[in-house]
Amino acid sequence: MKGLDEVFHSLRLRIFFVVLLVGMIPALCIKVGIIKSYEEWAISARKIEIQSQCNSVSNQLLSENYLFHGNSDRIDAELSQLSNIYDGRIVIVDSALKIVEDTYDTDEGKTLITPEVIQCFQGHNTENYDENARYLEMTIPIINNVEGNGQEICGVMCANVSTDSIHSTIEQLTLKVDLLVMIFAVIVIVVAVVFSRSVTVPFKKMTDSIAEWGEEVDEKTIVKTMTEYSETHLIAESFARLLGKMKSVDKARQEFVSNVSHELKTPLTSMKVLADSLISMGDAPAEMYREFMTDMSEEIDRENKIINDLLSLVKLDKTEAKPVIQQMSINHVIELIMKRLKPIAQKRNIELVYESIRHVTADIDEVKFTLAISNLVENAIKYNKDNGWVHVMLNADHKDMYITIEDSGIGIPNDCIDDIFERFYRVDKSHSREIGGTGLGLAITKNAILMHHGTVKVTSKEGEGTTFVVRVPLNYIE
Ligand code: ADP
C-alpha cells in the first residue's frame, strides 16, 4: 500500500503519465476518426454505386416491360451478376406488391409488404445500414415517365447487399493504423521518460546536495548550487532563509545557555571563595564567621532570584502556555504594585507617586502583567538617586491603555538603550549586581507585554532620568 502511495505521489511518474496521456489520447482519437470516416465514406460510395446500378437496370426493366411478364434472360443475367458482385440479393416488386424477381429464386410470386417498400412506393427511397450484421438494405423505385402525366412508380427494387468487403478493408486499415499508433506510443513513452527525468533532475540534485551539506554550509552555497530553474532557485532561497533563521535561533540559544551558566556560577564562586577562606583561616573569630555567613546567605538569595527570574522567562517563552486572561481594574493592579514597592522606595527616601487620569479596566493576565509593571517600577527605584522620585501614570483612550513610569534616576546611555531588553544585559554590571539585578527583568517585561499584544518604549537622558511607556490594548484578541 505504501509503495503504491509513493508511486502516486512521485512527481516524475505523474509527469510521465501526463505526457503519455497527452500524446496517446489524440493518437487514439485520430485512429478512431480515420477508421470511422473511411467506413462512412465507403458505405456512402457503395450506396451511390448500388443506386446507379439499380437505376440503369430499372430503365432496362421498363423498356422490356419486365414488370408485366417477368421474363427476360438478359435482365435476369444482369440482376444475378449484380447480386454476385455485391454478394447480396435483389428483389423486384411490382405495383401490386408481388415479387416479380428474386435473385435467390425463393420468394417469386409472393407478396412483399414491408414499411420500406410502402415508403418507397410513396416516393421515399430507404436505406438501412446494419453495422453489426454487416449488410446494407436499400429500396429504389422503378419510375416510369408517362408522357404528359409526369412520373409514376410502377415497382420497387429491394437490394440487400453484404458490406463484408468494406469491413475486411477496414480490418486491414485498422491493422496498419494500430501499427502506426504502436510506433507512436513507443516514441511518446521515450519522450515521457526523458522529459519526466529532465524535469525532476534538479530536485534530485537538490536532495543530493542537501544530504551532502554539513552543518557548516552557508546560505550563499545553497542558492548558488540551484540556479538551473527559477522554481528550484526560489526553493533554495527560501531554504537558505530558513537556515539563516535557524542558525540565529541556535546562536541565541547557545548564547543564552552560556549566559545562564555564567550567571549561575558567579554566586557559587563567591560562596566557594568565602567558605574556603573560612576553612583556611582555622580559628577565625565568631564575628568573621557571621560576616562571611551573611555574605554567603546573600549569594544564595541572589542565586535564588536568578533561578526565579529564569523560570518566569521560560514560562513566558513557552508559546503553548496560554495566558489566563480576565477583565481587571488596572488602577487596582497598579495600586497593589505601588503598595508592595513603597517600602523599598522609602529606604532611600524616594518619592513614589501614582496618578490615574481615568479608571481603566482591561483584559489582562494578572500575574504576567503585574510582573511586567513591577519590574519597571522596581528598576525606576533601583536605578534612582537617593531622595529622588518615581512617577507612575495611567491613562487610556478608546482602544489602548498607557502606563508611563518616569524616574529621576541615573538614566541609560544612548548607545545602550537598544540592548536593555536583551537577556542578562546590564549597563553597569557591578552596579546592577550590587543592587541585586539579574539582567532578566526587562526581558521578562517585554515578553509579558508582547503576550498582551502591547509595546514598551523607552526614552532616557543620562544623569537625568528614564521614562518607560507601556501600551496595551484594552481588549485581548487571541
Ligand atoms: P537588572 O536585573 O539588572 O535590573 P533589567 O533587565 O531589569 O536587569 O535591566 C537591564 C539594565 O537596564 C539594567 O541593568 C540597567 O542598567 C538598565 N535599566 C533598566 N531600567 C532602568 C532605569 N529605570 N534607569 C536606568 N537604567 C535602567
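Here are the numbers for the structure shown:
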{"quantity": "Hits in region 358-392 (condition: surrounded by 17 or more Cβ atoms within 10 Å (Cβ to Cβ) and among the basic types (Lys, Arg))", "calculated": "368, 382"}
{"quantity": "Matching residues in region 245-262 - criterion: being open to solvent by less than 100 Å² (accessible area, probe 1.4 Å) and either touching a residue at least 12 places away in the same chain (Cβ under 8 Å) or not charged (D, E, K, R) (or both)", "calculated": "248, 249, 252, 256, 257, 258, 259, 260, 261"}
{"quantity": "From 265, 251, residue being part of a helix (DSSP H, G or I) and within 15 Å of residue 439 (Cβ to Cβ)", "calculated": "265"}
{"quantity": "Which numbered condition residue 472 fails, given (1) near the ligand (Cβ under 8 Å from one of its atoms); (2) modelled with pLDDT of 95 or more; (3) not polar (S, T, N, Q)", "calculated": "(1)"}
{"quantity": "Pairs where the first residue, in region 416-436, is over 23 Å from residue 317 (Cα atoms) and open to solvent by less than 30 Å² (accessible area, probe 1.4 Å) and the second is of a type in the set (Val, Ile, Thr) and within 7 Å of the ligand (Cβ to nearest atom), C-beta under 7 Å, 6+ apart", "calculated": "416/427"}
{"quantity": "Test: residue 74 is open to solvent by 50 Å² or more (accessible area, probe 1.4 Å), without any contact (Cβ under 8 Å) to a residue 24 or more places away in the chain and over 30 Å from residue 183 (Cα atoms)", "calculated": "yes"}
{"quantity": "Conditions (1) in contact (Cβ under 8 Å) with a residue 12 or more places away in the chain; (2) closer than 20 Å to residue 438 by Cβ; (3) exposed (fewer than 13 other Cβ atoms within 10 Å of the Cβ): number failed by residue 277", "calculated": "(2)"}
{"quantity": "Filter result for residue 395 (closer than 18 Å to residue 333 by Cβ and open to solvent by 30 Å² or more (accessible area, probe 1.4 Å))", "calculated": "yes"}
{"quantity": "Hits in region 361-412 (condition: more than 14 Å from the ligand (Cβ to nearest atom), part of a loop (DSSP other than H, G, I, E, B) and more than 49 Å from the chain's Cα centre (by Cα))", "calculated": "386, 387"}
{"quantity": "Sole residue being at pLDDT 75 or above and open to solvent by 50 Å² or more (accessible area, probe 1.4 Å), chosen from 225, 232, 269", "calculated": "269"}
{"quantity": "Filter pass, residue 458 being more than 7 Å from the ligand (Cβ to nearest atom), modelled with pLDDT of 95 or more and open to solvent by 30 Å² or more (accessible area, probe 1.4 Å)", "calculated": "yes"}
{"quantity": "Qualifying positions in region 6-48 - over 20 Å from residue 188 (Cα atoms), open to solvent by 80 Å² or more (accessible area, probe 1.4 Å) and not β-branched (Val, Ile, Thr)", "calculated": "6, 8, 9, 36, 40, 41"}
{"quantity": "Index of the failed condition, residue 170 passing every other in (1) part of a helix (DSSP H, G or I); (2) open to solvent by 50 Å² or more (accessible area, probe 1.4 Å); (3) not charged (D, E, K, R)", "calculated": "(2)"}
{"quantity": "Candidate set from region 427-455 (those that are within 8 Å of the ligand (Cβ to nearest atom), assigned to a helix (DSSP H, G or I) and among the aliphatic types (A, V, I, L, M)); member that is farthest from the chain's Cα centre (by Cα)", "calculated": "442"}
{"quantity": "Filtered residues of region 338-360 (kept if under 20 Å from residue 385 (Cα atoms) and part of a strand (DSSP E or B))", "calculated": "351, 352, 353, 354"}
{"quantity": "Matching entry among 199, 186 (being surrounded by 15 or more Cβ atoms within 10 Å (Cβ to Cβ) and either closer than 30 Å to residue 42 by Cα or outside the structural domain of residue 439 (by TED's automatic domain parsing) (or both))", "calculated": "199"}
{"quantity": "Residues (among the basic types (Lys, Arg) and within 49 Å of the chain's Cα centre (by Cα)) located in region 25-71", "calculated": "31, 36"}
{"quantity": "Residue 274 being within 16 Å of the ligand (Cβ to nearest atom) and of a type in the set (A, V, I, L, M)", "calculated": "no"}
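The rows are residues; the columns are (1) closer than 20 Å to residue 48 by Cβ; (2) surrounded by 12 or more Cβ atoms within 10 Å (Cβ to Cβ); (3) of a type outside the set (Asp, Glu); (4) assigned by TED's automatic domain parsing to the domain that holds residue 43.
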| residue | (1), (2), (3), (4) |
| --- | --- |
| 62 | no, yes, yes, yes |
| 80 | no, yes, yes, yes |
| 99 | no, yes, yes, yes |
| 104 | no, yes, yes, yes |
| 112 | no, yes, yes, yes |
| 122 | no, no, yes, yes |
| 128 | yes, no, yes, yes |
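The values are calculated or read from the model by the stated rules, or taken from the named source; none is laboratory data. Quantities reported herein were computed from a predicted structural model and do not represent experimental measurements. Positions of Cβ are backbone-derived with ideal geometry, glycine not excepted, and every protein chain shown enters the neighbour counts. Please note that ligands, DNA and RNA were not included when accessible areas were found on the heavy atoms of the full protein model with its side chains. Shrake-Rupley method; radii C 1.70, N 1.55, O 1.52, S 1.80 Å.
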